[in-house]
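One structure is given below, encoded as structure tokens.
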Amino acid sequence: MIKKYKYILGIQSFANYESGAAILRLDEKNSDYDYVAISEERLIRKKYNFDFPLHSIQYCLDAFKIKIKDINFLVSDIIREAKWLRSGPSYNVKEFDYLKLKFKFNKKKIIQIDHHLAHAASVYYTSGFKKSSILIVDGNGTDLQTNSFWFGNNKNINLDSVYKGRGLGQLYGSITKSCLGLGIGGEGKTMGLAPYGKKGKKILNFSSVIYDGVKTDYAKIMRRQPFTDILSLENNIQYKKFNIKLPIRKRNQDITKGIWPKIAYDLQNEAEKNLTKLGKSLKKIDKTNNICVAGGVALNSVANKIMFDKTDFKKISVFPGCSDAGVPLGLALWGAYNIKTLKAPKLKKLKNAYTGRNYSNEEVLFILKNFSIKFSTTNSYEVAKKISEHNVIGWFQGGSEYGPRALGNRSILADSRSFKMRDLVNEKIKHREKYRPFAPSVLEEDAKYFFDLDQESPYMLLVAKVKKPKITPSISHIDNTARVQTVNRKQNKKFYELIKSFKKITGVGCVLNTSFNDAGEPIVETPLDALITFFGTEMDVLVINNFIIEKSKNLHFDRSKLINYRKKLISKNQKIALKNLINKYDIKEKKRYFKRERKIAIWSSIKKPIVEFDLKIKDWKKNKKLSIIIIGTYDHTNLLIKKFPSLENLNIKYFTPYKFINEDINNKKKKKLKIKTVINPTFIDRKNQIYLISSYEYCYDIEHFLQEKKIKNYHKIYSGYSRDLRSCFNLQNKF
């Protein structure tokens with residue numbers, strides 16, 4: 001019997017704090033598809049969890065009423081090496097790795113692709129464009145990718161160029177975390193803080209940055225990645241990150257005072273400059289009028305809009321799940337359009353960002369009645385009236401949004417006309433910093449009246465100037481900007497009707513919209529989550545489907561019963577998922593696995609470079625005709641000669657220094673070498689001639705340089721997950 005549908009599962013290959021899953025259902029007969037996608041944090045109620053997406057996979061399977069055996073293909077990404085298990089060999093070993101080992105899926109049906117290609121697929125295949133330039137900018141992807149240029153043409157995506165090792169994502173995240181002290185995922189806080197630091201003398205100096213096509217070289221400011229491995233995470237043997245000295249904010253220091261807003265401003269200003277440079281470089285290469293943007297940096301909605309305004313692109317598409325949270329759907333989409341045994345669907349524009357499942361009235365009523373919660377039914381006009389009366393509303397409808405932005409299905413809503421609303425929602429409901437702004441959701445037809453915006457912005461990923469700040473003060477940031485969501489009837493009928501009703505009552509077709517969650521928790525997914533958050537904050541009203549729950553009518557409700565019930569449900573779902581998706585979970589086996597893989601991870605980090613280079617020298621010795629040209633830094637080359645004396649037995653023609661003298665950019669001393677040094681030689685790719693890259697810090701830069709010179713015959717000592725040789729020799733006897 002021929003099955004009507006084909007199913008593609010997308011999950012990431014490594015333990016990621018934005019873990020999740022997506023299943024795409026392909027209808028080959030009608031050349032169409034639909035999908036379900038969710039982040040793991042939404043289902044286990046824990047941010048930054050690094051868990052294998054058990055709950056997410058089961059959620060997606062249940063949505064389509066299928067089992068894991070019905071999945072035709074699994075598409076995953078590559079983080080360091082192109083292999084399914086332990087793609088990042090030197091990472092610490094986690095439960096994620098063991099569950100992946102035991103996952104009930106035929107390994108022959110697993111396909112792995114480039115991490116940036118997954119990002120590119122997520123945004124291009126949902127853009128509605130038949131041709132487009134594609135810009136990917138993130139912290140790091142496959143083999144430390146940071147920036148990449150791609151071109152989409154009909155159903156094909158092709159790579160133009162890539163840069164590795166350093167980039168804006170790494171810079172922004174590291175300064176946010178290490179200097180400003182805003183922790184994992186704090187980049188949005190930095191972006192919100194930045195306008196408060198506009199005045200005053202510059203603190204961060206980015207004049208040394210080299211922009212050249214896809215390259216954004218921060219070598220004079222930052223060390224190259226990686227910054228984490230098993231030794232940094234489990235033994236506190238940290239990598240050095242910066243080549244400059246940065247102040248470090250103490251927890252008790254007010255981030256809105258002193259130097260901190262200025263640091264945020266300088267960093268944000270660099271982000272805008274960086275993205276604009278990349279956009280202009282991409283436009284020079286490809287003359288299409290369209291640009292697609294994805295990767296974690298694309299969450300910087302301010303930089304997106306500035307880049308778009310300063311380039312000659314006519315249309316922009318930014319994927320709502322543009323960070324790693326959206327990679328699972330990108331993987332599944334790539335599979336639908338590129339797996340040769342499948343019939344690729346027609347290209348179509350993403351209808352909306354609501355990739356979660358709906359919750360029926362019966363499910364909602366079960367919770368409300370079971371816990372004796374007082375409720376009644378309502379309509380859009382009644383809810384809009386309550387917003388106009390300065391009530392704060394929890395708004396829960398349909399399927400949940402993909403990505404970090406609430407777009408009218410899991411939202412907290414308030415009156416955009418009241419300046420007090422911003423501080424009230426920040427302090428009493430979201431329990432977060434007062435400086436952080438809120439977004440407007442505006443009727444698409446009214447967007448130009450309120451904002452300097454010439455195109456739709458359905459996913460809240462473009463920031464625009466506010467034209468009428470006196471009318472909508474609660475959504476206007478200190479610099480008179482707002483991160484805009486445009487709403488039309490086709491994308492979200494119910495949300496559109498609510499804002500339309502608000503306009504009938506107030507004359508303003510715009511409401512304050514923020515994500516439905518309390519500080520430190522994920523956006524709510526289920527009606528149960530919504531009730532727990534509602535009763536834990538000072539929201540006035542909660543609307544789930546057409547049911548309205550008013551705080552004033554449930555004053556003495558004890559939400560602890562709901563919390564305990566949810567804990568039991570999550571535990572139950574965990575057991576179901578383990579049974580359905582994992583082959584014989586065995587604690588003793590897991591302990592043995594962890595012990596074995598930890599040893600391999602340490603070996604990969606500090607012993608593999610030594611062993612493999614030693615073997616490479618032995619291999620080179622066999623070829624009497626082989627000559628070697630060393631390109632790199634003085635101190636690293638000196639270390640090679642000292643630690644690998646057999647190198648001197650090879651035919652080394654000469655050493656040529658890369659543009660930086662030593663591994664430490666601040667060390668200007670030239671170490672004398674035993675071999676001949678040639679400055680600015682001619683680079684020629686010859687048979688029986690190897691260019692040996694003698695640098696850890698600049699190995700990707702030198703590789704990029706050699707590739708530009710059309711040199712194919714080169715050897716790189718380091719992978720994207722090993723430590724430098726000096727550290728390897730210093731640490732190898734300790735482990």
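The values are calculated or read from the model by the stated rules, or taken from the named source; none is laboratory data. Keep in mind that this is a model prediction, so the values were computed, not measured. We place every Cβ from the backbone using ideal geometry, glycine too, and count neighbours over all the protein chains shown. We work out accessible area using only protein heavy atoms, side chains counted, and drop any ligands, DNA or RNA first. Shrake-Rupley method; radii C 1.70, N 1.55, O 1.52, S 1.80 Å.
List the strands (runs of 3 or more DSSP E) inside segment 70-138, counting only whole elements, that have at least 3 residues being touching a strand residue (DSSP E or B) at 6+ places or on another chain (Cβ under 8 Å) and farther than 23 Å from Arg25 by Cα.
In segment 70-138, the matching strands (runs of 3 or more DSSP E) lie at 131-137.
Among the residues of segment 96-121, how many are closer than 23 Å to Asp586 by Cβ, in contact with a helix residue (DSSP H, G or I) (Cβ under 8 Å, 6 or more places away or on another chain) and either buried (at least 23 other Cβ atoms within 10 Å of the Cβ) or of a type outside the set (A, V, I, L, M) (or both)?
Matching residues across segment 96-121 total 5.
For segment 450-493, give me each residue that is touching a residue at least 40 places away in the same chain (Cβ under 8 Å), under 16 Å from Val511 (Cα atoms) and open to solvent by 40 Å² or more (accessible area, probe 1.4 Å).
Within segment 450-493, Ile471, Arg483 qualify.
Residues in segment 505-555 that are over 22 Å from Ile475 (Cα atoms), part of a helix (DSSP H, G or I) and either modelled with pLDDT under 95 or aliphatic (A, V, I, L, M) (or both): how many?
Here the count works out to 4.
Among all residue pairs at least 6 apart or on different chains, which show Cβ distances below 9 Å where the first residue, located in segment 203-223, is within 19 Å of Leu246 (Cα to Cα) and assigned to a loop (DSSP other than H, G, I, E, B) and the second is aliphatic (A, V, I, L, M) and open to solvent by 60 Å² or more (accessible area, probe 1.4 Å)?
Note: pairs meeting the criteria are Ile203/Ile259; Leu204/Ile244; Asn205/Ile244; Tyr218/Ile210; Ala219/Ile210; Lys220/Ile210; Lys220/Ile244; Ile221/Ile244.
Is it the case that some residue within segment 494-503 is hydroxyl-bearing (Ser, Thr, Tyr) and under 26 Å from Ile184 (Cβ atoms)?
Residues of segment 494-503 that are hydroxyl-bearing (Ser, Thr, Tyr), as a first pass: 496, 501.
From what is left, the residues that are under 26 Å from Ile184 (Cβ atoms) are none.
No, because not a single residue in segment 494-503 is hydroxyl-bearing (Ser, Thr, Tyr) and under 26 Å from Ile184 (Cβ atoms).
Could you tell me whether Ile57 is closer than 26 Å to Asn140 by Cβ and in contact with a Ser or Thr (Cβ under 7 Å, 6 or more places away or on another chain)?
No; evaluated as a whole, the condition is false for this residue.
Could you check segment 314-330 and list, in sequence order, the residues that are assigned to a loop (DSSP other than H, G, I, E, B) and open to solvent by 10 Å² or more (accessible area, probe 1.4 Å)?
Residue satisfying the conditions is Lys314 alone.
Can you list residue pairs whose Cβ atoms sit under 7 Å apart, with the first residue in segment 709-735 being closer than 18 Å to His636 by Cα and the second being of a type in the set (Lys, Arg) and part of a helix (DSSP H, G or I)? Count only pairs 6 or more apart in sequence or on different chains.
Partner pairs satisfying both residue conditions: His715/Lys616; Ser722/Lys608; Leu725/Lys643; Phe729/Lys643.
Give just the number: which of (1) in contact with a His (Cβ under 8 Å, 6 or more places away or on another chain); (2) open to solvent by 40 Å² or more (accessible area, probe 1.4 Å) does Asn638 not satisfy?
With respect to (1) in contact with a His (Cβ under 8 Å, 6 or more places away or on another chain); (2) open to solvent by 40 Å² or more (accessible area, probe 1.4 Å), Asn638 is out only on (1).
Any residue at all in segment 35-55 that's over 24 Å from Gly88 (Cβ atoms), open to solvent by 40 Å² or more (accessible area, probe 1.4 Å) and either touching a Lys or Arg at 6+ places or on another chain (Cβ under 6 Å) or in a strand (DSSP E or B) (or both)?
yes
What number of residues within segment 384-401 satisfy the criterion of being within 15 Å of Val508 (Cα to Cα) and either touching a Leu at 6+ places or on another chain (Cβ under 6 Å) or crowded, with 23+ Cβ neighbours inside 10 Å (or both)? Steps first, answer last, please.
First, the residues of segment 384-401 that are within 15 Å of Val508 (Cα to Cα): 384-390.
So of that shortlist, the ones also either touching a Leu at 6+ places or on another chain (Cβ under 6 Å) or crowded, with 23+ Cβ neighbours inside 10 Å (or both) come out as 384, 387.
Matching residues across segment 384-401 total 2.
What number of residues within segment 10-26 are open to solvent by 20 Å² or more (accessible area, probe 1.4 Å), over 23 Å from Ile576 (Cβ atoms) and over 23 Å from the mean Cα position of the chain (by Cα)?
0
With respect to Asn290, determine if the residue is more than 30 Å from Ser90 (Cβ to Cβ) and of a type in the set (S, T, N, Q).
In short, yes.
Looking at segment 252-271, which of its residues are of a type in the set (S, T, N, Q), in contact with a helix residue (DSSP H, G or I) (Cβ under 8 Å, 6 or more places away or on another chain) and surrounded by fewer than 22 Cβ atoms within 10 Å (Cβ to Cβ)?
Gln253, Thr256, Asn269
Starting from segment 617-634, keep only residues that are more than 16 Å from Lys676 (Cβ to Cβ), then list their pairs with residues that are charged (D, E, K, R) whose Cβ atoms are within a distance under 6 Å, requiring at least 6 positions of separation or different chains.
Note: pairs meeting the criteria are Thr633/Glu663.
Evaluate the following for Ile652: is it open to solvent by 20 Å² or more (accessible area, probe 1.4 Å) and either of a type in the set (Lys, Arg) or out of contact with any His (no Cβ under 9 Å at 6 or more places or on another chain) (or both)?
Here the answer is yes, as Ile652 does meet what is asked.
In this structure, is Glu81 among the acidic types (Asp, Glu), without any contact (Cβ under 8 Å) to a residue 24 or more places away in the chain and in contact with a Ser or Thr (Cβ under 8 Å, 6 or more places away or on another chain)?
no
Looking at (1) open to solvent by 20 Å² or more (accessible area, probe 1.4 Å); (2) modelled with pLDDT of 95 or more; (3) closer than 23 Å to Thr146 by Cα; (4) among the aromatic types (Phe, Trp, Tyr), find the lone condition where Tyr696 falls short.
Condition not satisfied by Tyr696: (1).
Can you name the residue in segment 322-342 that is of a type outside the set (A, V, I, L, M) and in contact with a Ser or Thr (Cβ under 7 Å, 6 or more places away or on another chain) and, of all such residues, is farthest from Leu407 (Cα to Cα)?
Filtering segment 322-342 for residues that are of a type outside the set (A, V, I, L, M) and in contact with a Ser or Thr (Cβ under 7 Å, 6 or more places away or on another chain), the one farthest from Leu407 (Cα to Cα) comes out as Gly330.
So, in segment 158-181, exactly how many residues are within 17 Å of the chain's Cα centre (by Cα) and open to solvent by 30 Å² or more (accessible area, probe 1.4 Å)?
Within segment 158-181, residues that are within 17 Å of the chain's Cα centre (by Cα) and open to solvent by 30 Å² or more (accessible area, probe 1.4 Å) number 2.
Mind counting the residues in segment 240-274 that are more than 15 Å from Leu182 (Cβ to Cβ), outside any helix (DSSP H, G or I) and touching a residue at least 60 places away in the same chain (Cβ under 8 Å)?
3
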